[in-house]
1. If the cut-off is a Cα-Cα distance under 28 Å, which lysines reach C:K71, setting aside same-chain residues fewer than 8 apart in sequence?
2. Starting from the Kirkwood radius over alpha-carbon pairs of chain B, derive D by Stokes-Einstein at 20 °C in a medium of 1.002 mPa s and give it in µm² s⁻¹.
3. Once fully extended, how much extra length lies between C:L279 and C:W325, figured as 0.36 nm per residue of separation less the alpha-carbon to alpha-carbon distance?
4. Using Cβ counts within 10 Å as a stand-in for footprinting exposure, how do C:K71, A:K25 rank, fewest first?
5. Considering all alpha-carbon pairs of segment C:1-105, what whole percent are spaced by more than 20 angstrom?
6. With only Lys, Arg, Asp and Glu charged, each at its Cβ (+1 for the first two, -1 for the last two), find how big the charge dipole of segment C:8-348 is about the Cα centre; round to the nearest 20 debye.
7. Which whole number in µm²/s is D for segment B:15-105 by Stokes-Einstein, with the Kirkwood Rh taken over Cα pairs at 10 °C and 1.306 mPa s?
8. More than 15 angstrom separation, counting every C-alpha pair in segment A:4-94; what % is that?
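A short reminder: the numbers here are calculations on the coordinates, not readings from a lab. Given the structure is predicted, the values throughout are model-derived calculations rather than measurements. Note that we place each Cβ from the backbone using ideal geometry, even for glycine, and neighbour counts take in every protein chain shown.
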Amino acid sequence: MIPLSYYLVLSAVLFACGVTGFLIKRNIITIFMSIELMLNGVNLSFVAFASFWHSLNGQVFVFFVMVVAAAEAAVGLAIIIAVFRTRETLNPDRVNLLKL
Amino acid sequence: MLHLVLFIIFGAICVAGAINLLAQKHPINSALSLVVVMGALAGVYLLLGAEFLAAIQVIVYAGAIMVLFVFVIMLLGAGEEEHTRGSKIALLFGIPGMLLLSVFTTWIALKSTPSAESVGIGSLPGTAQGIGRLLFGNFLLPFEITSVLILIAIMGAVVLARRES
Amino acid sequence: MPTGELTTTTFLIASIIKIAVFLGALLTIVAYTVLLERKVVGRIQNRWGPSRVGPFGLLQPLADGLKFIFKEDLTPPYVHKFLYILAPMLTLTTALISVSLIPIGGWITIHGVHTPLQITDTNISLLIILGVTSIGVYGIALAGWSSNSKYSMMGALRASSQMVSYEVALGLSLVGVLILTGSFSLHDIVQHQQGWFWNWNIIKGGQFVAFFIYLMAAFAETNRIPFDLPEAESELVAGYHTEYSSMKFAMFFMAEYANMVTVACLASILFLGGYSGPLFGPDWLRGLLPVAYFMARIFVFLFLYIWVRGTLPRFRYDQLMAFSWKFLLPLSLANIVITGLIVALKAQYS
C-alpha cells in the first residue's frame, strides 16, 4: 500500500523530462521522442487514478491514448522522412527558409 | 513493503531512462532509453493491476512504435546532434524553468489529492474481459472512430513517405 | 484448478527445479534440432548428414559447441561496441523467455507437492509471448546497425521489417482461438480442447485457416525458408550476423532454433490440443504421458520446418511483403469476423 501521490510524482517527473527534451534537443527525432515521453507520463496518471477510484474508464482512456500516439508516430515520422529528403538535415534550426 | 521496493525499482529505472534520453547526443541511444522507460512503465502498470494495459504497452509502444523510431533513425543515418546558438539559450533557460515547473506541479498534485490515501498492489484488476466490455459497450463510438483514425494514418504515412517519381 | 497447499519455500524450490529442467531441456532440444536439420536436409539432398562424430553423428552438437567455445571472438574495430554486444544477448534472452509460460503437461504430485508442469501461468500469457516476440525485433535491428557494414544494415532492415509485418498476421490469427476460449491463459486454452482429437481447435473450432496463417507467419517470424532472405547466404553474405563470430554468432544461432521450438509449442497448444491425449495406467504414467504427447507434437512441427527448408525456394523481398499485407492480413481479418459471427449466432440460438 503506497500513497497515490507517489505515482503522481513519477508521472510529473516523466512529463517534465518530456517537456525539457522538447525544448532543449536539436534533433527532430529526439524531439518527437520527448513527445512520446510526455504521453507516457500522462498515461501513468490515468492508470493511477483509475486504480484509486476503482473505475476501469481510466484504463480504457489510456488504450485510446496509445492508439492515437501510434497513429501520430506513423504520420510524424513520414513527415520527418519527407523533410529530410528535401532539406538533408535533421536539425530543426536549419529548416528556417520557406524556399531552398 | 514489497510494493514500495518494487515501485522504487521500476520508478528509478523510468526516471533514469528519461534523464538518459535528455543526456545522450546520439538519437539511437535516446531511442533505446525510451524503450527502457516504456518497459519499466509496463512494470508500474502491473503494480497498479492494469495487466492488459501492461501487455499492450509492451506490444504496441515498446514493440511497434519504438521500432518505427529505430527504423527511421537507422534509415536516415542520423548522426550526433550539433549545437546552435539557439540551443545554448534553450539549455540555459529551459532546464531551470522545467525544474521549477515540475516542482510546482508536484506541489499542486500533493496538495489537492489526499496523499494519505493509498493504492494497494493490483487493487483494480484490469482484466481483458473488463476492458473489453467497456470498449465494446460504453466506448464503442470512440473505438470505431480510432479505427478509422488508424486507417487515415496508414494512408497518410504511405502518401507522405513516397518518393516523387 | 486445484491450488494445493504450497508453502513459499516449497513453491520457490519447485520453481527453481522447473526452471533448471525447462532451460536444460530447451537447450538440449535446440542442439539436437540443429543435428536433425543437417541430417534431414542431407537425406533430402540424397547424402548422409553428419555421421562421423559418435554413432549416427549423435555427438555432433558437442563438437559444434566445442568449436564455438574455442573459436576466436573477434570484435571488429569500427563497431558500436555497447550495441554490438547487447544485440545477441537481447535476441537470445527474448527467445528463451517464452518457454516459461508453456504448459508441457497437466498437474503432477511429487512427494505430496501438487504443481503444474509449467513454470508460471498468468491471465495474459499469450499477450506476454506476443510482447516478447515484438521485443526480439530489436536484437536483429541493433545487430545490423551496430556492425557498421552495408550487408549487415540491409539484412537487418529487411529482417526487422519482415518480422514487424508478419507479427500483425501472427497476432490476428490467434484471435479466433481467443474468441473460442475466452481467456489468454495457455492452461485454459489447452483445457478447452480436452477430449478426443476432434475437440482440437483446428477441427471442432474450425480454425484451420487460422492454423495455416499462423504457420506462415511463424515461418516468417523465425526467418526460416521460404522467408529467410535476411540471412540468405548467397544474397547478402550472411545478413545481419555477418560481422559476428564465435560465441555471439552461436547466440544468434541458438536464438533462431529456440524461436522455432517456441513456435512449435504455441502451435500445438493453440491448435492441436497441447498435451491432451488418452491417459491410462498408474499415476506416474498419467503424469508422464501428456509430456510424451506434447513432445511428439513438437517433433512433428520441427520436422515440418526442416522438411520445408529442404524443399522450397525463397521468396523475393517484395513478394514476401505483398504476401503478408495483401493476403495474410485480409484472410486473418475474415477469419476473425467469421469465427465471431458463428460464436455469437450459436450463443443466440441455443
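1. Cross-link targets: C:K39, C:K81, C:K150, C:K248.
2. Working: Rh = 19.5 Å.
Estimated via Stokes-Einstein, D reaches 110 µm²/s.
3. Details: separation 46, 0.36 × 46 = 16.56 nm, distance 4.30 nm.
The C:L279-C:W325 span can extend by a further 12.3 nm.
4. With the fewest neighbours first, C:K71, A:K25 line up as C:K71, A:K25.
5. Working: 3438 of 5460 pairs.
The calculated P(r) of segment C:1-105 puts 63 percent of pairs beyond 20 Å.
6. Working: 21 positive and 16 negative charges, 111 e Å.
Using Cβ point charges on Lys, Arg, Asp and Glu, segment C:8-348 gives about 540 debye.
7. The calculation lands on 106 µm²/s.
8. Every Cα pair in segment A:4-94 considered, those over 15 Å come to 65 percent.
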